[in-house]
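A.B. asks: Encoded as structure tokens, here's the structure I'll be asking about.
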Amino acid sequence: MDRIDGRAYDQLRPVKITTGFVDFAEGSALIECGRTKVLCCASVEEGAPRHVPEGTGWVTAEYSMLPRANRERSRRDVSKLKLSPRSAEIQRLIGRSLRAAVDLSALGERTITIDCDVLQGDGGTRTASVTGGFVALAIACDALVRAGKLERNPLRGYVAAVSAGIVEDRPLLDLCYEEDSRAMVDLNCVMNERGELIELQGTGEGRGYTVAEQQELVRLCTGGIGQLIGRQKEIVEGLI
């Protein structure tokens, strides 16, 4: 099966990450994965939520899609007076993934919020949000150290995410919209730089899938995430 954009089955879409995209955020990154574009901004606030143990901080995320991020206009969540279930589920995923990258005790009583706004969606918006959100988070953490508010950087290591799926019985990495809409199985994978799984979300669309198929999809994601973390390192280590 030939892929719509000519990629190999284990090949990522072209990835571009532009930092400093927003002047006022403590950290910002525009991530482009093929035609998917997500703006990620990290904001630092003093104080932590009540449920957080004393002396520790918190990392959370918010996610939304602009009305014309898709092929047809969608309504803003604010116009519906509530967050859509999909957006709520995705922002919880992003928050969990990025908290895994931070020593919350070293962060101190602060909250870092990562706002992920999808400018254009063509598949993989949640995984792009994790990958770009980490870059914004890393820049914000470095800013705290440079400002003398932290003695050391609270980051534990790099985190990135990518999707894989089975389309016409063939495992493929990093699905675009056309592939994702036809996928028999869709899997989102979050890993750290040590190759450890942080989160794995898999869904069979109309059929189940075997452990062997899941392992093959995870193998594809492992290779893709390794490349994404390499790109993150180039960008972050070039800035700090």
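The values are calculated or read from the model by the stated rules, or taken from the named source; none is laboratory data. The structure displayed is predicted, hence computed values, not measured ones. Ideal geometry is used to build each Cβ from the backbone, glycine not excepted, and the neighbour counts take in all protein chains shown. Side chains included, ligands, DNA and RNA excluded: accessible areas come from the protein's heavy atoms. Shrake-Rupley method; radii C 1.70, N 1.55, O 1.52, S 1.80 Å.
A.B. asks: Looking only at segment 120-153, count how many residues are part of a helix (DSSP H, G or I) and open to solvent by 50 Å² or more (accessible area, probe 1.4 Å).
C.D. replies: Qualifying residue count for the region: 1.
A.B. asks: Something else now. For segment 87-116, name all the residues that are open to solvent by 10 Å² or more (accessible area, probe 1.4 Å), over 19 Å from residue 188 (Cβ atoms) and not small (Gly, Ala, Ser).
C.D. replies: 103, 104, 109, 110, 111, 113, 115 - these are the residues of segment 87-116 that are open to solvent by 10 Å² or more (accessible area, probe 1.4 Å), over 19 Å from residue 188 (Cβ atoms) and not small (Gly, Ala, Ser).
A.B. asks: Can you find a residue in segment 217-231 that is open to solvent by 30 Å² or more (accessible area, probe 1.4 Å) and either acidic (Asp, Glu) or assigned to a strand (DSSP E or B) (or both)?
C.D. replies: No.
Residue-wise test of (1) surrounded by 14 or more Cβ atoms within 10 Å (Cβ to Cβ); (2) among the aliphatic types (A, V, I, L, M); (3) closer than 18 Å to residue 59 by Cβ.
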{"site": "3", "(1), (2), (3)": "yes, no, no"}
{"site": "12", "(1), (2), (3)": "yes, yes, no"}
{"site": "18", "(1), (2), (3)": "yes, no, no"}
{"site": "22", "(1), (2), (3)": "yes, yes, no"}
{"site": "32", "(1), (2), (3)": "yes, no, no"}
{"site": "37", "(1), (2), (3)": "yes, no, no"}
{"site": "44", "(1), (2), (3)": "yes, yes, yes"}
{"site": "47", "(1), (2), (3)": "no, no, yes"}
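A.B. asks: Restricting the search to segment 154-204, which residues are over 18 Å from residue 228 (Cβ atoms), open to solvent by 30 Å² or more (accessible area, probe 1.4 Å), out of contact with any Lys or Arg (no Cβ under 9 Å at 6 or more places or on another chain) and without any contact (Cβ under 8 Å) to a residue 40 or more places away in the chain?
C.D. replies: 169, 181, 182, 186, 202, 203, 204
A.B. asks: Looking only at segment 205-216, which residues are without any contact (Cβ under 8 Å) to a residue 12 or more places away in the chain and either open to solvent by 60 Å² or more (accessible area, probe 1.4 Å) or within 22 Å of residue 93 (Cβ to Cβ) (or both)?
C.D. replies: Within segment 205-216, 210, 211, 212, 215 meet the criteria.
A.B. asks: Check every one of the helices (runs of 4 or more DSSP H) wholly within segment 1-119 and list those with 2 or more residues that are within 17 Å of residue 133 (Cα to Cα) and modelled with pLDDT under 95.
C.D. replies: Correct list: 85-99.
A.B. asks: Can you tell me which condition residue 237 does not meet? The list is (1) surrounded by fewer than 24 Cβ atoms within 10 Å (Cβ to Cβ); (2) assigned to a loop (DSSP other than H, G, I, E, B); (3) out of contact with any helix residue (DSSP H, G or I) (no Cβ under 9 Å at 6 or more places or on another chain), and all the others hold.
C.D. replies: Of the numbered conditions (1) surrounded by fewer than 24 Cβ atoms within 10 Å (Cβ to Cβ); (2) assigned to a loop (DSSP other than H, G, I, E, B); (3) out of contact with any helix residue (DSSP H, G or I) (no Cβ under 9 Å at 6 or more places or on another chain), the odd one out for residue 237 is (2).
A.B. asks: Next question, about the same structure. Would you check which residues across segment 1-34 are touching a Lys or Arg at 6+ places or on another chain (Cβ under 8 Å) and among the basic types (Lys, Arg) and list them?
C.D. replies: 7, 13 - these are the residues of segment 1-34 that are touching a Lys or Arg at 6+ places or on another chain (Cβ under 8 Å) and among the basic types (Lys, Arg).
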